[in-house]
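The values are calculated or read from the model by the stated rules, or taken from the named source; none is laboratory data. Fair warning: this is a prediction, and the values are worked out from it, not measured in the lab. Please note: Cβ atoms are built from the backbone with ideal geometry, for glycine as well, and neighbour counts cover all protein chains shown. With ligands, DNA and RNA removed, areas are computed over all heavy atoms of the protein, side chains included. Shrake-Rupley method; radii C 1.70, N 1.55, O 1.52, S 1.80 Å.
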Amino acid sequence: MNLLQAYPQAASTPDATGRCVLHYVAEHGEVWDEEAQAILNAHPSATRHRAGPDLFRRLPIHMAAASPDARRSLIEELVQLHPQGVTQTDQVGKLPLHLACESGKVWDKGVSAIHNAFPIAIRNAEGNNRRWMALHMASASPNAGADLIENLCKIYPMAACELDTEQKYPLHLACASGKTWEGGLKHIFTANPDAIHHEDSSGMLPFHIAAFRYCATSNGDAVVDPSDSNITSSSEIDGGTGPVTEAAAAEEIPTAPPVRSASLPALQLKRSTSSRRTMNANHERVDSVDHDTPKVEIMFELLRQSPDVLRMN
(Lines give C-alpha, C1' and ligand atoms only; values in the text may rest on other atoms or scores of the structure.)
Protein backbone atom coordinates (compact mmCIF):
# COMPACT_ATOMS: atom_id res chain seq x y z
CA MET A 1 0.00 0.00 0.00
CA ASN A 2 2.83 2.38 0.83
CA LEU A 3 4.43 1.71 -2.56
CA LEU A 4 1.13 2.39 -4.30
CA GLN A 5 0.68 5.66 -2.44
CA ALA A 6 4.23 6.71 -3.25
CA TYR A 7 3.93 5.83 -6.94
CA PRO A 8 0.31 5.25 -8.05
CA GLN A 9 1.37 5.09 -11.72
CA ALA A 10 2.85 1.67 -10.99
CA ALA A 11 -0.66 0.20 -11.05
CA SER A 12 -1.03 1.12 -14.72
CA THR A 13 2.46 0.09 -15.84
CA PRO A 14 2.59 -3.40 -17.39
CA ASP A 15 5.60 -5.61 -16.85
CA ALA A 16 7.48 -7.56 -19.53
CA THR A 17 4.69 -10.14 -19.71
CA GLY A 18 2.03 -7.48 -20.22
CA ARG A 19 0.56 -7.90 -16.75
CA CYS A 20 -0.59 -4.98 -14.68
CA VAL A 21 -0.70 -5.21 -10.90
CA LEU A 22 -4.36 -6.23 -11.00
CA HIS A 23 -3.43 -9.30 -13.06
CA TYR A 24 -1.17 -10.41 -10.22
CA VAL A 25 -3.98 -9.90 -7.73
CA ALA A 26 -6.27 -12.06 -9.88
CA GLU A 27 -3.61 -14.70 -10.47
CA HIS A 28 -2.27 -15.06 -6.94
CA GLY A 29 -4.83 -13.43 -4.65
CA GLU A 30 -7.58 -15.16 -2.71
CA VAL A 31 -10.17 -12.53 -1.81
CA TRP A 32 -11.16 -9.04 -2.84
CA ASP A 33 -9.94 -6.79 -0.05
CA GLU A 34 -8.93 -3.17 0.59
CA GLU A 35 -5.58 -3.61 -1.13
CA ALA A 36 -7.21 -5.01 -4.26
CA GLN A 37 -9.65 -2.11 -4.27
CA ALA A 38 -6.83 0.40 -3.90
CA ILE A 39 -5.02 -1.13 -6.88
CA LEU A 40 -8.20 -0.92 -8.92
CA ASN A 41 -8.79 2.69 -7.89
CA ALA A 42 -5.31 3.56 -9.12
CA HIS A 43 -5.98 1.96 -12.52
CA PRO A 44 -9.72 1.32 -13.08
CA SER A 45 -9.31 0.15 -16.68
CA ALA A 46 -7.03 -2.72 -15.63
CA THR A 47 -10.01 -5.09 -15.65
CA ARG A 48 -10.07 -4.64 -19.47
CA HIS A 49 -6.34 -4.95 -20.00
CA ARG A 50 -5.02 -8.15 -21.55
CA ALA A 51 -1.70 -9.72 -20.64
CA GLY A 52 0.86 -10.53 -23.33
CA PRO A 53 0.93 -13.55 -25.66
CA ASP A 54 3.09 -15.60 -23.29
CA LEU A 55 0.14 -15.52 -20.91
CA PHE A 56 -2.44 -16.17 -23.62
CA ARG A 57 -3.63 -12.55 -23.65
CA ARG A 58 -5.78 -13.09 -20.61
CA LEU A 59 -7.88 -10.57 -18.75
CA PRO A 60 -7.81 -10.52 -14.93
CA ILE A 61 -11.07 -12.51 -14.87
CA HIS A 62 -9.40 -15.28 -16.91
CA MET A 63 -6.55 -15.43 -14.43
CA ALA A 64 -8.83 -15.54 -11.41
CA ALA A 65 -10.95 -18.27 -13.03
CA ALA A 66 -7.83 -20.36 -13.71
CA SER A 67 -6.34 -19.82 -10.26
CA PRO A 68 -7.01 -22.52 -7.65
CA ASP A 69 -6.54 -19.88 -4.94
CA ALA A 70 -9.11 -17.32 -6.10
CA ARG A 71 -12.21 -17.34 -3.94
CA ARG A 72 -15.75 -16.25 -4.57
CA SER A 73 -15.38 -12.61 -3.51
CA LEU A 74 -12.47 -12.03 -5.89
CA ILE A 75 -14.23 -13.63 -8.85
CA GLU A 76 -17.56 -11.93 -8.19
CA GLU A 77 -15.94 -8.51 -7.97
CA LEU A 78 -14.04 -8.96 -11.25
CA VAL A 79 -17.23 -10.15 -12.96
CA GLN A 80 -19.15 -7.14 -11.66
CA LEU A 81 -16.42 -4.71 -12.69
CA HIS A 82 -16.17 -6.07 -16.23
CA PRO A 83 -19.21 -8.23 -17.14
CA GLN A 84 -18.12 -8.42 -20.77
CA GLY A 85 -14.93 -10.16 -19.68
CA VAL A 86 -16.76 -13.46 -19.09
CA THR A 87 -17.94 -13.42 -22.72
CA GLN A 88 -14.42 -13.11 -24.13
CA THR A 89 -11.95 -15.90 -24.84
CA ASP A 90 -8.26 -15.87 -24.19
CA GLN A 91 -5.71 -16.43 -26.94
CA VAL A 92 -6.29 -20.20 -26.93
CA GLY A 93 -10.07 -19.92 -27.18
CA LYS A 94 -11.03 -20.49 -23.57
CA LEU A 95 -13.78 -18.58 -21.81
CA PRO A 96 -13.52 -17.87 -18.07
CA LEU A 97 -16.08 -20.65 -17.46
CA HIS A 98 -13.82 -23.14 -19.24
CA LEU A 99 -10.86 -22.09 -17.10
CA ALA A 100 -12.85 -22.26 -13.86
CA CYS A 101 -13.99 -25.81 -14.67
CA GLU A 102 -10.48 -26.79 -15.77
CA SER A 103 -9.09 -25.64 -12.42
CA GLY A 104 -11.76 -27.65 -10.59
CA LYS A 105 -13.41 -24.86 -8.65
CA VAL A 106 -16.44 -25.51 -6.47
CA TRP A 107 -19.68 -24.38 -8.10
CA ASP A 108 -20.79 -22.01 -5.33
CA LYS A 109 -17.31 -20.57 -4.81
CA GLY A 110 -16.98 -18.65 -8.04
CA VAL A 111 -18.16 -20.81 -10.94
CA SER A 112 -21.83 -19.90 -10.48
CA ALA A 113 -20.99 -16.18 -10.66
CA ILE A 114 -19.25 -16.67 -14.00
CA HIS A 115 -22.08 -18.84 -15.31
CA ASN A 116 -24.81 -16.42 -14.23
CA ALA A 117 -23.07 -13.55 -16.01
CA PHE A 118 -22.87 -15.51 -19.29
CA PRO A 119 -25.11 -18.62 -19.18
CA ILE A 120 -24.58 -19.56 -22.83
CA ALA A 121 -20.91 -20.30 -22.13
CA ILE A 122 -21.88 -23.74 -20.81
CA ARG A 123 -22.93 -24.65 -24.37
CA ASN A 124 -19.83 -23.24 -26.05
CA ALA A 125 -16.80 -25.29 -27.01
CA GLU A 126 -13.37 -23.78 -26.61
CA GLY A 127 -12.05 -22.13 -29.75
CA ASN A 128 -9.27 -24.55 -30.64
CA ASN A 129 -8.91 -27.96 -32.22
CA ARG A 130 -9.68 -29.85 -29.04
CA ARG A 131 -13.23 -28.42 -28.82
CA TRP A 132 -13.91 -29.15 -25.15
CA MET A 133 -16.94 -27.73 -23.35
CA ALA A 134 -17.10 -26.83 -19.67
CA LEU A 135 -18.21 -30.37 -18.76
CA HIS A 136 -15.26 -31.86 -20.64
CA MET A 137 -12.92 -29.54 -18.71
CA ALA A 138 -14.38 -30.56 -15.36
CA SER A 139 -14.40 -34.24 -16.31
CA ALA A 140 -10.71 -34.13 -17.23
CA SER A 141 -9.66 -32.11 -14.19
CA PRO A 142 -8.36 -34.19 -11.27
CA ASN A 143 -9.41 -31.35 -8.97
CA ALA A 144 -13.06 -31.10 -10.03
CA GLY A 145 -15.53 -32.59 -7.57
CA ALA A 146 -19.02 -34.03 -7.79
CA ASP A 147 -20.66 -30.69 -6.96
CA LEU A 148 -19.24 -28.97 -10.04
CA ILE A 149 -19.97 -31.88 -12.36
CA GLU A 150 -23.49 -32.34 -11.02
CA ASN A 151 -24.37 -28.69 -11.65
CA LEU A 152 -22.91 -28.73 -15.16
CA CYS A 153 -24.88 -31.89 -16.00
CA LYS A 154 -28.11 -30.47 -14.59
CA ILE A 155 -27.87 -27.21 -16.49
CA TYR A 156 -26.75 -28.64 -19.83
CA PRO A 157 -26.82 -32.46 -19.88
CA MET A 158 -26.34 -32.53 -23.66
CA ALA A 159 -22.67 -31.68 -23.12
CA ALA A 160 -22.22 -35.30 -22.01
CA CYS A 161 -23.21 -36.31 -25.57
CA GLU A 162 -20.58 -34.17 -27.28
CA LEU A 163 -17.48 -35.85 -28.66
CA ASP A 164 -14.12 -34.13 -28.76
CA THR A 165 -11.69 -34.50 -31.65
CA GLU A 166 -10.31 -37.73 -30.13
CA GLN A 167 -13.84 -39.21 -30.16
CA LYS A 168 -14.03 -39.03 -26.39
CA TYR A 169 -17.12 -38.24 -24.40
CA PRO A 170 -16.84 -36.62 -20.97
CA LEU A 171 -17.26 -40.12 -19.51
CA HIS A 172 -13.97 -41.20 -21.11
CA LEU A 173 -12.23 -38.12 -19.73
CA ALA A 174 -13.66 -38.64 -16.24
CA CYS A 175 -12.43 -42.24 -16.16
CA ALA A 176 -8.97 -41.08 -17.26
CA SER A 177 -8.79 -38.41 -14.56
CA GLY A 178 -9.65 -40.85 -11.78
CA LYS A 179 -13.16 -39.72 -10.91
CA THR A 180 -15.00 -42.01 -8.52
CA TRP A 181 -18.58 -43.06 -9.13
CA GLU A 182 -19.93 -40.77 -6.41
CA GLY A 183 -17.31 -38.16 -7.27
CA GLY A 184 -18.91 -37.29 -10.60
CA LEU A 185 -18.99 -40.37 -12.83
CA LYS A 186 -22.60 -41.23 -12.07
CA HIS A 187 -23.82 -37.76 -13.10
CA ILE A 188 -21.96 -37.94 -16.40
CA PHE A 189 -23.17 -41.50 -17.03
CA THR A 190 -26.79 -40.57 -16.26
CA ALA A 191 -26.61 -37.73 -18.79
CA ASN A 192 -25.32 -40.07 -21.52
CA PRO A 193 -25.52 -43.80 -20.69
CA ASP A 194 -24.66 -44.80 -24.27
CA ALA A 195 -21.16 -43.38 -23.86
CA ILE A 196 -20.16 -46.49 -21.94
CA HIS A 197 -20.30 -48.48 -25.21
CA HIS A 198 -18.41 -45.92 -27.30
CA GLU A 199 -14.81 -46.48 -28.39
CA ASP A 200 -12.58 -43.44 -28.69
CA SER A 201 -10.19 -42.93 -31.60
CA SER A 202 -7.77 -45.43 -30.02
CA GLY A 203 -10.44 -48.08 -29.60
CA MET A 204 -10.77 -47.57 -25.84
CA LEU A 205 -14.05 -47.86 -23.93
CA PRO A 206 -14.48 -45.94 -20.67
CA PHE A 207 -14.09 -49.26 -18.84
CA HIS A 208 -10.75 -49.88 -20.57
CA ILE A 209 -9.49 -46.42 -19.62
CA ALA A 210 -10.53 -46.93 -15.99
CA ALA A 211 -8.89 -50.38 -15.95
CA PHE A 212 -5.58 -49.03 -17.28
CA ARG A 213 -5.64 -46.29 -14.69
CA TYR A 214 -6.45 -48.81 -11.97
CA CYS A 215 -3.46 -50.96 -12.98
CA ALA A 216 -1.12 -47.97 -13.16
CA THR A 217 -2.06 -46.56 -9.76
CA SER A 218 -2.04 -50.00 -8.11
CA ASN A 219 1.53 -50.56 -9.33
CA GLY A 220 2.65 -47.09 -8.28
CA ASP A 221 3.29 -46.02 -11.87
CA ALA A 222 2.60 -42.61 -13.32
CA VAL A 223 -0.98 -42.43 -14.57
CA VAL A 224 -1.18 -41.94 -18.32
CA ASP A 225 -4.28 -42.31 -20.46
CA PRO A 226 -3.16 -44.83 -23.09
CA SER A 227 -5.46 -43.30 -25.69
CA ASP A 228 -4.75 -39.69 -24.88
CA SER A 229 -3.30 -37.38 -27.49
CA ASN A 230 -5.27 -34.42 -26.19
CA ILE A 231 -3.97 -31.48 -24.28
CA THR A 232 -4.86 -30.70 -20.70
CA SER A 233 -3.54 -27.19 -20.23
CA SER A 234 -3.17 -23.98 -22.12
CA SER A 235 0.60 -24.35 -22.20
CA GLU A 236 0.17 -27.27 -24.60
CA ILE A 237 -1.88 -25.34 -27.14
CA ASP A 238 0.01 -23.75 -30.00
CA GLY A 239 -0.99 -20.17 -29.32
CA GLY A 240 -4.62 -20.96 -30.05
CA THR A 241 -4.02 -20.49 -33.74
CA GLY A 242 -2.36 -23.72 -34.89
CA PRO A 243 -3.27 -27.37 -34.43
CA VAL A 244 -3.31 -28.86 -30.96
CA THR A 245 -0.02 -30.53 -30.18
CA GLU A 246 0.12 -34.12 -29.01
CA ALA A 247 1.16 -34.70 -25.40
CA ALA A 248 4.23 -36.91 -25.50
CA ALA A 249 3.87 -40.06 -23.43
CA ALA A 250 6.50 -39.88 -20.71
CA GLU A 251 6.35 -43.53 -19.84
CA GLU A 252 5.33 -46.78 -21.52
CA ILE A 253 1.83 -47.89 -20.56
CA PRO A 254 1.86 -51.31 -18.93
CA THR A 255 -0.11 -53.98 -20.72
CA ALA A 256 -3.31 -54.78 -18.88
CA PRO A 257 -3.74 -58.43 -17.84
CA PRO A 258 -6.48 -60.44 -19.56
CA VAL A 259 -9.91 -59.74 -18.10
CA ARG A 260 -11.72 -62.85 -16.98
CA SER A 261 -15.45 -63.05 -17.16
CA ALA A 262 -17.14 -62.68 -13.79
CA SER A 263 -20.74 -62.74 -12.72
CA LEU A 264 -22.32 -59.76 -11.03
CA PRO A 265 -22.88 -61.66 -7.75
CA ALA A 266 -19.14 -62.40 -7.66
CA LEU A 267 -18.39 -58.75 -8.28
CA GLN A 268 -20.79 -57.80 -5.51
CA LEU A 269 -18.99 -60.17 -3.16
CA LYS A 270 -15.62 -58.64 -3.99
CA ARG A 271 -17.06 -55.19 -3.50
CA SER A 272 -18.52 -56.01 -0.09
CA THR A 273 -15.31 -57.62 1.18
CA SER A 274 -12.98 -54.77 0.31
CA SER A 275 -12.46 -53.88 3.98
CA ARG A 276 -10.33 -55.76 6.46
CA ARG A 277 -9.84 -56.05 10.20
CA THR A 278 -6.72 -54.39 11.59
CA MET A 279 -5.32 -53.47 15.01
CA ASN A 280 -5.32 -49.91 16.27
CA ALA A 281 -2.86 -48.33 18.71
CA ASN A 282 -4.77 -49.84 21.65
CA HIS A 283 -4.55 -53.32 20.11
CA GLU A 284 -8.27 -53.30 19.35
CA ARG A 285 -9.60 -54.82 16.16
CA VAL A 286 -11.17 -52.21 13.89
CA ASP A 287 -12.42 -52.13 10.31
CA SER A 288 -9.91 -50.61 7.88
CA VAL A 289 -11.08 -49.70 4.40
CA ASP A 290 -8.74 -50.87 1.66
CA HIS A 291 -7.13 -48.05 -0.29
CA ASP A 292 -8.21 -49.80 -3.47
CA THR A 293 -11.90 -49.56 -2.54
CA PRO A 294 -12.63 -46.43 -4.64
CA LYS A 295 -10.99 -48.10 -7.64
CA VAL A 296 -13.02 -51.27 -7.12
CA GLU A 297 -16.16 -49.15 -6.83
CA ILE A 298 -15.49 -47.56 -10.23
CA MET A 299 -14.91 -50.91 -11.93
CA PHE A 300 -17.93 -52.43 -10.22
CA GLU A 301 -20.29 -49.63 -11.21
CA LEU A 302 -19.10 -49.55 -14.83
CA LEU A 303 -19.55 -53.32 -15.09
CA ARG A 304 -22.90 -53.20 -13.33
CA GLN A 305 -24.15 -50.67 -15.84
CA SER A 306 -22.79 -52.58 -18.83
CA PRO A 307 -21.51 -56.12 -18.07
CA ASP A 308 -21.22 -56.86 -21.79
CA VAL A 309 -18.06 -54.71 -22.05
CA LEU A 310 -16.09 -57.79 -20.98
CA ARG A 311 -17.17 -59.50 -24.18
CA MET A 312 -16.45 -56.58 -26.50
CA ASN A 313 -13.38 -56.57 -28.70
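Which sequence of PHE300, PHE212 reflects their accessible areas, 1.4 Å probe, from the largest down?
Largest accessible area first, the list is PHE212, PHE300.
If you wrap a convex hull around the alpha carbons of region 24-105, what volume per residue comes out, as a whole number of Å³?
78 Å³
Once you have the Cα-Cα distance between THR165 and GLU182, take 0.36 nm times their residue separation minus that, and quote the gain in nm to one decimal.
Working: separation 17, 0.36 × 17 = 6.12 nm, distance 2.73 nm.
In short, 3.4 nm is gained.
Starting at the first residue of region 161-168, write each ³J(HN,Hα) from the Karplus equation 6.51 cos²θ - 1.76 cosθ + 1.60 with θ = phi - 60°, in whole Hz, x for Gly and Pro.
Karplus values, whole Hz, x for Gly and Pro: 9, 9, 8, 8, 6, 9, 6, 10.
At 1.4 Å probe size, with no ligands or nucleic acids counted, give the accessible surface of ARG304 in Å², nearest ten.
110 Å²
Once you have the Cα-Cα distance between ASN41 and ALA10, take 0.36 nm times their residue separation minus that, and quote the gain in nm to one decimal.
Using 0.36 nm per residue and subtracting the Cα-Cα distance, I get 10.0 nm.
Largest first, what is the accessible-area ranking of ILE155, ILE298 with a 1.4 Å probe?
From most accessible down to least: ILE155, ILE298.
For region 117-164, rounded, prolate or oblate, judged on the Cα gyration tensor with a ≥ b ≥ c (square roots of eigenvalues), a/c < 1.5 rounded, else prolate if a/b > b/c?
Since a/c reaches 1.5 but b/c is at least a/b, the shape of region 117-164 is classed as oblate.
Over the heavy atoms of ARG131, what accessible area does a 1.4 Å probe trace out, to the nearest 10 Å²?
120 Å²
Quickly work out the ASP108-to-GLU199 label distance, labels modelled 7 Å from Cα along the C-beta direction, and quote it in nm with one decimal.
4.4 nm
Can you work out ³J(HN,Hα) from phi for every residue in region 197-213, in order, using Karplus 6.51 cos²θ - 1.76 cosθ + 1.60 and θ = phi - 60°, giving whole Hz and x for Gly and Pro?
These are the phi-based 3J(HN,Hα) values: 9, 8, 8, 6, 5, 9, x, 9, 7, x, 4, 4, 4, 5, 5, 4, 5 Hz.
Plugging the Kirkwood radius over Cα pairs into Stokes-Einstein for region 162-201, at a temperature of 20 °C and a viscosity of 1.002 mPa s, what D comes out in µm²/s? Spell out each step's value before the answer.
Numbers: Rh = 10.1 Å.
Calculated translational D: 212 µm²/s.
Can you tell me the length gained on complete extension of the stretch THR17 to VAL31, counting 0.36 nm per residue apart and subtracting the Cα distance?
2.7 nm
Can you tell me the Rg and the Dmax, both Å, for the Cα atoms in region 40-197?
15.4, 56
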